[in-house]
Amino acid sequence: MNFSQYEFGNMLEDQLCSMEKSRRMPHAVMITGGSEENRKELCQFLSMWAVCSAADKPCSECSQCKKVKNLNHSDVYYAKGKGKTNGIPVEEIRNINEDSVIIPNEAPRKIYILEDVDKRMGQESMNAFLKTLEEPMQATLFLLTAENTKAVPQTILSRCTVLSLQNTSEIKDEVMEYARSIVLGIVDKTELPLLKAASVFSTRQIALEILPVVRLILSDALSLSVGSLAICDEETAKSLSSRLTKNKIIMLIDATTDAINKINRNVGLGLLSTWLCSEYRRILCVM
């Protein structure tokens, strides 16, 4: 992916590149974290990526990208609000559902952007959207944004890949310590330190605070391994990059992302913790 004109942080950029490389780009994305402007910018970036005609996407220069920037691309649709609250009514969702089965006009995909769903979509609209999210047409991409994902039903979250815009200055000290313990536990010679560190996942909220920071530290290690700078925990990242190959770090990042997505799909924390520790240790043993 081409981030030359954008800055989303190493963690998120690595996650997006990993999904593109493995051809695992989702059909539905929930964007959270950061500011409203940050979330809008990521929607624009992903929309351009989906329609861009260049080899290194998005180029920001081809006619397709320029149309997205100018908000006049025929295959990029912004959900319309209604009334004083600018809420997205069920009629609008039904229109989107019907339109999504029609082939794109000029691009490889049709993109539907629904902003601030935590504030603008009621239960009826959410319910009307479920089937389309669960069984989408192949040439569609749904981009949803939310400031507070706790206000979004699990039935919607479970059908989306969650992308979090992380502000490192807002990371709590104790969360950083927990994340650091997990990362160092991964490379320990025995399994006990990792199992002990992962026992902190007592609630979904705690797990969803710590795992993105684990991914951020791993992304720092990846950055150092290719000559870039760390943005979160340089000391721990140096320790990792000196002991792990680039490929293993990428695999660890992917496993952490999978764990975050499993939590958002309401997988039990006990099973998740066991699976994640096992997956981390398996990756460590890969030749």
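The values are calculated or read from the model by the stated rules, or taken from the named source; none is laboratory data. These numbers were taken from a predicted model, which means no experiment stands behind them. As a convention, Cβ positions derive from the backbone with ideal geometry for all residues, glycine included, and neighbour counts pool all protein chains shown. Protein only, heavy atoms only, side chains kept; ligands, DNA and RNA dropped before computing areas. Shrake-Rupley method; radii C 1.70, N 1.55, O 1.52, S 1.80 Å.
Tell me the carbon and sulfur percent of the accessible area for the chain, rounded to whole percent, probe radius 1.4 Å. Heavy-atom surface of the chain belonging to carbon and sulfur, 1.4 Å probe: 50 percent.
Which lysines, if any, have their Cα less than 25 Å from the Cα of residue 246, not counting same-chain residues under 8 positions apart? Partners found: 21, 57, 189, 238, 262. Helix content alone sets the calculated 222 nm mean residue ellipticity of the chain: runs of n ≥ 4 DSSP H residues at -39500 (n - 2.57) each, divided across all residues, give -16500 deg cm²/dmol.
Less than 5 angstrom separates the built amide H of residue 140 from those of 110, all sequence-distant by 5 or more or on a different chain. For residue 95 and residue 4, the difference between the fully extended length at 0.36 nm per residue and the C-alpha to C-alpha distance is 29.2 nm.
Only Cα sites of the range 129-214 enter the Debye sum here, all with the same form factor; the resulting log10 I(q)/I(0) across q = 0.11, 0.15, 0.24, 0.27 1/Å is -0.45, -0.72, -1.16, -1.34, listed in q order. Note that the range 158-219 presents 47 Å² accessible area per residue, ligands and nucleic acids not counted, probe 1.4 Å.
Mean separation of Cα pairs under 8 Å and 6 or more residues apart, divided by the residue count, gives the chain a relative contact order of 19 percent.
In degrees from 0 to 90, rounded to the nearest 10, what is the angle of the helix 246-264 Cα long axis to the longest principal axis of the chain? The angle comes out at about 60 degrees. Against the chain, whose longest principal axis is taken from its Cα atoms, helix 10-21 shows a tilt of about 70°. Per-residue packing, averaged as other Cβ atoms within 10 Å, sorts the ranges 105-116, 149-160 into the order 105-116, 149-160, beginning with the highest. Per residue, the convex hull spanned by the Cα atoms of the range 37-185 measures out at 163 cubic angstrom. Here Cα extents along the principal axes in Å was calculated from the structure, and among (i) 59, 52, 45; (ii) 50, 45, 36; (iii) 56, 40, 33 it sits at label (iii). Relative to the longest principal axis of the Cα atoms of the chain, helix 36-51 runs at roughly 80 degrees. The stretch between residue 267 and residue 13 holds 88.9 nm of extra length on full extension. This uses 0.36 nm per residue minus the Cα-Cα distance. Shown for the range 197-258 is the translational diffusion coefficient from the Stokes-Einstein equation, using the Kirkwood radius over Cα pairs, a temperature of 4 °C and a viscosity of 1.567 mPa s: 109 µm²/s. Residues whose amide H lies under 5 Å from that of residue 116, counting only those 5 or more places away or on a different chain, are 145, 146; hydrogens are built 1.01 Å from N in the peptide plane.
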